[in-house]
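All remarks here apply to the structure that follows.
The values are calculated or read from the model by the stated rules, or taken from the named source; none is laboratory data. On a predicted model such as this, the values are computed, not experimentally measured, just so you know. Virtual Cβ from ideal backbone geometry, glycine too; neighbours counted across all protein chains shown.
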């Protein structure tokens, strides 16, 4: 087995909602500057002091390159938990966490193993709280 291939890990995943450039009856929805609307984003943490209104995400940008960014949580919907297998995504997440472990904490203050079912349950409760709080 190749040692360079990361093992699958659980992660909170959300979908980027279209951004309303013209709110109201003539609403015009477009993509965001960094990510296209509908992009699958891996939420790896956020700014706790701000009540996690801004979260840190990793996802494919407009040019299909993996990009790490801080984005408002209200722009994300369909919060869920998924087991991530893609080595490129896992490596991008690990780089982001290594670069900024304050906002890239991966919701893991209890020290769970990142591939453990207990960690998945912990993340599922976090994803449900975000979905309920932001979108009812």
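Let's see how each residue does on (1) under 25 Å from residue 18 (Cα atoms); (2) touching a strand residue (DSSP E or B) at 6+ places or on another chain (Cβ under 9 Å):
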site: 43; (1), (2): yes, yes
site: 46; (1), (2): yes, yes
site: 51; (1), (2): yes, no
site: 66; (1), (2): yes, yes
site: 69; (1), (2): yes, yes
site: 78; (1), (2): yes, yes
site: 95; (1), (2): no, yes
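Please verify whether residue 14 is at pLDDT 90 or above, closer than 21 Å to residue 65 by Cα and either within 15 Å of the chain's Cα centre (by Cα) or not in a strand (DSSP E or B) (or both), treating the condition exactly as stated.
Working: at pLDDT 90 or above: yes; closer than 21 Å to residue 65 by Cα: yes; either within 15 Å of the chain's Cα centre (by Cα) or not in a strand (DSSP E or B) (or both): yes.
Judged against the criteria, residue 14 is a match.
Return the total of residues in segment 17-35 being part of a loop (DSSP other than H, G, I, E, B) and at pLDDT below 85.
Total satisfying the criteria: 12.
What do you reckon, is residue 65 modelled with pLDDT under 95 and surrounded by fewer than 11 Cβ atoms within 10 Å (Cβ to Cβ)? If you could, list the steps in order and put the result at the bottom.
Details: modelled with pLDDT under 95: yes; surrounded by fewer than 11 Cβ atoms within 10 Å (Cβ to Cβ): yes.
Judged against the criteria, residue 65 is a match.
Say whether the condition of being closer than 18 Å to residue 5 by Cβ, surrounded by fewer than 14 Cβ atoms within 10 Å (Cβ to Cβ) and in contact with a helix residue (DSSP H, G or I) (Cβ under 8 Å, 6 or more places away or on another chain) is met by at least one residue in segment 83-97.
yes
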